[in-house]
């Protein structure tokens with residue numbers, strides 16, 4: 001695109017990092033990180049449009065897909081993988097796909113992001129339909145793996161969104177609902193795992209949390225559908241029950257929680273009786 005400016009690759013605002021003290025490095029990184037939430041704030045209208053569409057689709061039985069490469073792909077997988085334990089939704093409702101497959105979660109897979117066809121090939125294994133929403137995540141906004149997948153989705157009538165950190169990028173052009181969080185040059189030139197990665201993580205948190213609330217997976221401000229996968233979460237669930245129900249005995253509340261499997265089910269079992 002003629003007006004496409006790759007801000008993520010611009011030279012850092014800081015020079016001679018190797019000559020800085022540890023304190024100077026940490027302070028300057030932190031100063032740069034402080035700018036990220038303000039950049040995200042500017043994108044809230046874009047985020048709102050995408051979240052509204054996702055909520056409508058998922059309430060009608062659709063799924064949410066994230067697709068990306070490198071850091072962007074890993075962030076999508078992290079967000080998707082945390083939805084079932086946090087909100088008690090089934091695995092497969094929110095799905096993360098990364099260029100290079102499972103191996104790429106732990107280590108870089110050379111040139112995996114450069115294949116224009118592979119993104120759709122990987123996505124197609126999940127049989128996406130027009131009930132679903134696919135979000136492409138690419139800090140630069142130029143990743144062929146992601147753009148190719150989004151283009152094919154639009155051909156198939158599947159709603160698409162994107163999260164990038166450059167204005168007017170190709171991935172935005174491939175998305176029905178683009179989100180652009182322009183955080184400026186990285187502290188280490190071109191290292192988009194830093195501010196760009198932080199921005200993407202913040203946006204993903206906003207998307208999945210808001211959608212799950214819209215789906216009724218949160219009551220008041222509590223994760224009442226969380227999976228009881230460790231003692232910390234069991235203890236949290238017991239305390240929720242003791243706040244919500246006329247239960248003063250910790251062990252009694254714990255027995256009820258473990259019997260029913262979630263705070264929501266425990267509360268419903270008492271209310272119904």
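Would you tally the residues in segment 97-113 being touching a strand residue (DSSP E or B) at 6+ places or on another chain (Cβ under 8 Å) and buried (at least 23 other Cβ atoms within 10 Å of the Cβ)?
First pass over segment 97-113, keeping only residues touching a strand residue (DSSP E or B) at 6+ places or on another chain (Cβ under 8 Å): 97-99, 104-105.
Then drop every residue that is not buried (at least 23 other Cβ atoms within 10 Å of the Cβ), which leaves 97-99.
Total meeting the criteria: 3.
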Listed by first then second residue, the pairs whose first member lies in segment 143-164 and is outside the structural domain of residue 46 (by TED's automatic domain parsing), whose partner is assigned to a helix (DSSP H, G or I) and surrounded by fewer than 19 Cβ atoms within 10 Å (Cβ to Cβ), with beta carbons under 9 Å and at least 6 positions apart or on separate chains, are none
Just one of the numbered conditions (1) surrounded by 15 or more Cβ atoms within 10 Å (Cβ to Cβ); (2) part of a helix (DSSP H, G or I); (3) outside the structural domain of residue 86 (by TED's automatic domain parsing) is not true of residue 243; which one? (1)
Does segment 10-17 contain any residue that is in contact with a helix residue (DSSP H, G or I) (Cβ under 6 Å, 6 or more places away or on another chain) and closer than 24 Å to residue 178 by Cβ? no
So for segment 170-178 (the condition being over 20 Å from the mean Cα position of the chain (by Cα), in a helix (DSSP H, G or I) and crowded, with 19+ Cβ neighbours inside 10 Å), does at least one residue qualify? yes
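Just to be sure I understand, how many residues within segment 199-217 are free of Cβ contacts under 8 Å to residues at least 40 places away in the same chain, part of a helix (DSSP H, G or I) and more than 11 Å from the chain's Cα centre (by Cα)? Before you say what the answer is, go through the steps one by one.
Initial filter on segment 199-217 (free of Cβ contacts under 8 Å to residues at least 40 places away in the same chain): 209, 213, 216.
Imposing the further condition that a residue be part of a helix (DSSP H, G or I) reduces the set to 209, 213.
Checking the rest, the ones that are also more than 11 Å from the chain's Cα centre (by Cα) come to 213.
Residues meeting the conditions: 1.
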Only one of (1) farther than 22 Å from residue 192 by Cβ; (2) touching a residue at least 24 places away in the same chain (Cβ under 8 Å) is not met by residue 66, so which one is it? (1)
Among the residues of segment 160-169, the number that are outside any loop (DSSP other than H, G, I, E, B) and over 17 Å from the mean Cα position of the chain (by Cα) is 0
Boolean, residue 81 is surrounded by fewer than 23 Cβ atoms within 10 Å (Cβ to Cβ), within 15 Å of the chain's Cα centre (by Cα), without any contact (Cβ under 8 Å) to a residue 24 or more places away in the chain and assigned by TED's automatic domain parsing to the domain that holds residue 176: yes
Which one is nearest to residue 223 (Cα to Cα) among residues in segment 255-266 that are crowded, with 19+ Cβ neighbours inside 10 Å and without any contact (Cβ under 8 Å) to a residue 60 or more places away in the chain? 263
Which of the residues that make up segment 1-45 are more than 21 Å from residue 198 (Cβ to Cβ) and surrounded by 14 or more Cβ atoms within 10 Å (Cβ to Cβ)? 4
Residue within segment 218-233 that is under 21 Å from residue 74 (Cα atoms) and more than 21 Å from the chain's Cα centre (by Cα) present: no
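Kindly indicate whether residue 146 is within 23 Å of residue 215 (Cβ to Cβ), at pLDDT 95 or above and part of a helix (DSSP H, G or I).
On the way: within 23 Å of residue 215 (Cβ to Cβ): no; at pLDDT 95 or above: yes; part of a helix (DSSP H, G or I): yes.
No: the conditions fail for residue 146.
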Applying the selection to segment 229-240, what residues are in a helix (DSSP H, G or I) and surrounded by fewer than 18 Cβ atoms within 10 Å (Cβ to Cβ)? 231, 232, 233, 234, 235, 236, 239
The correct count of residues that are modelled with pLDDT of 95 or more and either closer than 28 Å to residue 4 by Cα or touching a helix residue (DSSP H, G or I) at 6+ places or on another chain (Cβ under 6 Å) (or both) in segment 92-112 is 7
By residue number, the members of segment 116-132 that are buried (at least 18 other Cβ atoms within 10 Å of the Cβ) and over 25 Å from residue 53 (Cα atoms) are 118
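The values are calculated or read from the model by the stated rules, or taken from the named source; none is laboratory data. Owing to the predicted nature of the structure, the values given are computational and were not obtained by experimental measurement. Because the Cβ atoms are built from the backbone with ideal geometry, glycine has one as well, and the counts that use them run over all protein chains shown.
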